[in-house]
Amino acid sequence: MNLHHATRLLILGSIMSIPVSAADLEISITNLTHGNHFTPILITAHDDASHLFQSGEMASPALQKMAEGGDIADLAAAAMGNNEIRVENPAMGLLAAGAKTRGIMLDTQTMTHLSIVAMVLPTNDAFIGLDAWEIPTTAGTYTLNLNAYDAGTEANDEIINGGGMPGTPGIPAAPGGDGGTNGTGVMDSSSNTKVHIHPGVLGDTDTAGGMSDLDSRIHRWLNPVARVVVVVK
């Protein structure tokens, strides 16, 4: 083997041993709904084996806590324990209908996938979800439209009663102050207890009774419910 060929092999071997370079991301999230809020958002960058949730699988207790009450603490703690890169509550509270987060900067380091969750209020256990999206290695702007998922952990009774603890029926609140009262409750006949696309809310127009405490003129939606724009630098 001549010196020139050996040098080329040495350089090639060095290049192959260099880890994939980190991607710097700028992320924005827009609430596309007509009258719903998103609770504090959790964004994680992780490897290809990790998930905040998976459609068709049972919700974890941490996901249930987020989907029913908007509490991301347990999901964030699990991500931290798994050495994932996290951004917690970038909107500094609720993200109202039509609102957009400011540019969220995220250094992914060696992580290759991106996930996002936040509860949709007022609902029983609906949440926006991005599950393990593979981060492009090519610089550019990428737009993702997110559906609302049903955690499958609580019947969608559409009653606003301050509930929000895992396993406690009911909806914590209508942040816009536009919910009704004295609803008799929607009969949820679904037998799907796994994470699935949310069927949306029914609601009604009786703010002082009826079957639902949700207003069909305000709180109903069609997917997608959120838009995520990711700039890979």
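What the Cβ-Cβ distance of Asn89 and Ser216 gives, at R0 = 35 Å and to the nearest 0.05, is a FRET efficiency of 0.70. Taking a ≥ b ≥ c as the square roots of the Cα gyration tensor eigenvalues, the range 23-96 comes out oblate, since a/c reaches at least 1.5 and a/b does not exceed b/c. For the chain, the dipole from Cβ point charges (+1 on Lys and Arg, -1 on Asp and Glu) about the Cα centre works out to 860 debye, to the nearest 20.
Anisotropy class assigned to the range 142-183 is oblate, per the alpha carbon gyration tensor with a/c at or over the 1.5 cut-off and a/b no larger than b/c. Among the trypsin sites (Lys or Arg not before Pro) in the range 193-222, those located in a DSSP loop and surrounded by at most 12 other Cβ atoms within 10 Å of their own Cβ are Arg217. From the Kirkwood radius over Cα pairs of the range 98-213, Stokes-Einstein at 4 °C and 1.567 mPa s returns a whole-number translational diffusion coefficient of 79 µm²/s.
If R0 equals 35 Å, the separation of the Cβ atoms of Arg102 and Met187 corresponds to a calculated FRET efficiency of about 0.25.
Between Asp48 and Ala77, full extension at 0.36 nm per residue minus the direct alpha carbon distance yields a gain of 8.6 nm. Report Rg(Cα)/(2.2 N^0.38 Å) for the range 21-232, keeping two decimals. Scaled against compact globular proteins, the figure is 1.00. Fully extending the segment from Glu26 to Thr168 would add 47.4 nm, taking 0.36 nm per residue of separation and subtracting the current Cα-Cα distance.
Treating each Cα of the range 154-229 as one equal point scatterer and applying the Debye formula with no solvent, the log10 of I(q)/I(0) at q = 0.28 Å⁻¹ comes out as -1.39.
For Glu134, the shell of other residues with beta-carbons less than 14 Å away shows a net charge of -3, using +1 for Lys and Arg and -1 for Asp and Glu.
Every number here is computed from the coordinates shown, using simple stated rules; none is lab data. Model, not experiment: these values are computed from the prediction. Using ideal geometry, Cβ is built from the backbone for each residue, glycine included, and neighbour counts are taken over all protein chains shown.
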